[in-house]
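Have a look at the structure below, then the notes.
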Amino acid sequence: MVDSENLMGLFEAHGFHVTHDADDPQGDVVVINTCGFIADAKEESINCILEQTERKRLGEVERVYVMGCLSERYLAELEQEIPEVDGWFGKFDFRRLLDDEEAALLREREAPAARESASPSECSHAEGVSTFNVHAPKAQRHLTTPSHYTYIKISEGCDRHCAYCAIPLITGHHQSRPMDDILDEVRTLVGRGVKEFNIIAQELTYYGVDLYGRQCIAELIEQMAHIEGVRWIRLHYAYPTHFPWDLLRVIRENDNVCKYLDIALQHISDHMLTRMQRHTTRQETIDLIERMRREVPGLHLRTTLMVGFPGETDDDFRELLDFTRWARFERMGAFAYSEEDGTYSADHYPDDVPEEVKQRRLDRLMRLQQQISAEVEAAKIGQTMQVVVDRVEGDYYIARSEFCSPEVDPEVLIPLSEGPLATGEFYDVRITEAEEFDLYATIV
């Protein structure tokens, strides 16, 4: 999303009218932002490309361009298999879309483009287009989220090289954005009315090592928290190994840093962690969680777990279930292992867990988490908390607390009779009812 928004801003800086609608893109030119991370996302990206090339065949659009991670990984194959695409671009060469000879149509339209349009379309799993640069983009970013929240990408790439992960193959080594660039972007967005900032990277906790020789995520977030107008900061995609402990102090001491941390753990058995090349152990993971909860009371942890990795035994899976019962993650997602080209596991391990076993384990793990989530949310009945209103839907205002990231976490439903309430504004509410993944509340 961040990359697509930067691309849209670049189009607008060159005089184009830009729309963003992945379901029904309108415009003379369609740009598709793809993902190449896991099998489902790759399939979705391919289907999106085929849909838009069919629209081109029917004369509904003039040009179709593809960029992002899928074309970064599989450029030669894609050019051969889908020749109807007018131009293929990777993840980091985005400026070619406006100045390369392949994109002559775009160059011709830069000057008189008030009547022309471009429609960047992204699959729902889209991970990146070629708009990232370690320096802040010169063009003003075109926000596609509601105006009160956004995402801030602080780095690109990853140096961790987990056995199953294709991200380093696509994005390369970890590259941090300079701290001043990030803080300037936050100040600019505050000036445009943004109040909530979700901080993202492929690996958040490694931020700064390449530029400053040390992990600087705590320093960055603390400086960000001191910017006037920043109401909420939420942290996504941390890594458990060599966790920067000072970040816990920053979360605890700054009211506008949400008591929320997204940290993918993947598994708990030492057997699996070793095969996955996670460079941590069961006991180190348990110690990490205990320290996080001790130093930041009320912290909500989101994690991701994997089932069906090559060599996972019934005992490994039972250990994962027991760990999930113990950890009681407030937020948890899970997925079944899929073999990705070029990864260590694809080259060295047979994909030996049958698909039906993977699915059975995934279903059982998610049923357990559903029960845990219901209990966690029910415990909030009677509590007072601050929420921000995102939208109106049916008979309710749909809001979120600091413990809820947009689109992926539980929401807080407030009856319309409690209004009028304004989208993007913060209110204190009392929780009156709870379901497995949603809360109901009234205004205090």
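The values are calculated or read from the model by the stated rules, or taken from the named source; none is laboratory data. Here the structure is a predicted model, which is why all the values come from computation and not from measurement. With ideal geometry, Cβ positions are generated from the backbone for all residues, glycine too; neighbour counts draw on all protein chains shown. Accessible surface areas use protein heavy atoms only, side chains included; no ligands, DNA or RNA. Shrake-Rupley method; radii C 1.70, N 1.55, O 1.52, S 1.80 Å.
Summary table below
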read-out	value
Thr205 being under 27 Å from Ala41 (Cβ atoms) and surrounded by fewer than 21 Cβ atoms within 10 Å (Cβ to Cβ)	no
Helices (runs of 4 or more DSSP H) lying entirely in the stretch 169-278 (those with 3 or more residues that are under 30 Å from Asp347 (Cα atoms))	270-275
Count of the stretch 237-255 residues which are at negative phi and buried (at least 18 other Cβ atoms within 10 Å of the Cβ)	9
Residue check for Met292: in contact with a Cys (Cβ under 7 Å, 6 or more places away or on another chain), at pLDDT 95 or above and within 23 Å of Val209 (Cβ to Cβ)	no
Given (1) assigned to a helix (DSSP H, G or I); (2) surrounded by fewer than 18 Cβ atoms within 10 Å (Cβ to Cβ), index of the condition Val408 fails	(1)
Considering residues of the stretch 372-385 that are in contact with an Asp or Glu (Cβ under 9 Å, 6 or more places away or on another chain) and buried (at least 16 other Cβ atoms within 10 Å of the Cβ) only, the residue farthest from Ala441 (Cα to Cα)	Ile372
Conditions (1) open to solvent by 10 Å² or more (accessible area, probe 1.4 Å); (2) at pLDDT below 95: number failed by Asp270	(2)
Exclusive hit being touching a residue at least 60 places away in the same chain (Cβ under 8 Å), among the hydroxyl-bearing types (Ser, Thr, Tyr) and either open to solvent by 30 Å² or more (accessible area, probe 1.4 Å) or out of contact with any Cys (no Cβ under 7 Å at 6 or more places or on another chain) (or both), set Thr34, Thr53, Thr19	Thr19
Arg331 being basic (Lys, Arg), within 30 Å of Cys162 (Cα to Cα) and at pLDDT 95 or above	yes
Candidates Glu84, Glu77, Glu12, filtered to the one that is surrounded by fewer than 18 Cβ atoms within 10 Å (Cβ to Cβ), within 22 Å of Lys153 (Cα to Cα) and out of contact with any Cys (no Cβ under 9 Å at 6 or more places or on another chain)	Glu12
The listed residue being in a strand (DSSP E or B), open to solvent by 40 Å² or more (accessible area, probe 1.4 Å) and either of a type in the set (D, E, K, R) or modelled with pLDDT of 95 or more (or both), out of Arg325, Arg360, Arg391, Arg367	Arg391
Leading residue by the ranking (surrounded by the fewest Cβ atoms within 10 Å (Cβ to Cβ)) among those in the stretch 135-176 that are more than 17 Å from the chain's Cα centre (by Cα) and of a type in the set (Lys, Arg)	Lys138
Residue list for the stretch 301-320, restricted to those being open to solvent by less than 20 Å² (accessible area, probe 1.4 Å) and not in a loop (DSSP other than H, G, I, E, B)	Leu301, Thr303, Leu305, Met306, Val307, Asp316, Phe317, Leu320
Any chance Arg291 is closer than 18 Å to Ala201 by Cβ, open to solvent by 10 Å² or more (accessible area, probe 1.4 Å) and either touching a residue at least 40 places away in the same chain (Cβ under 8 Å) or part of a strand (DSSP E or B) (or both)	no
Per-region count, the stretch 414-440, residues among the aliphatic types (A, V, I, L, M) and closer than 16 Å to Ala374 by Cα	3
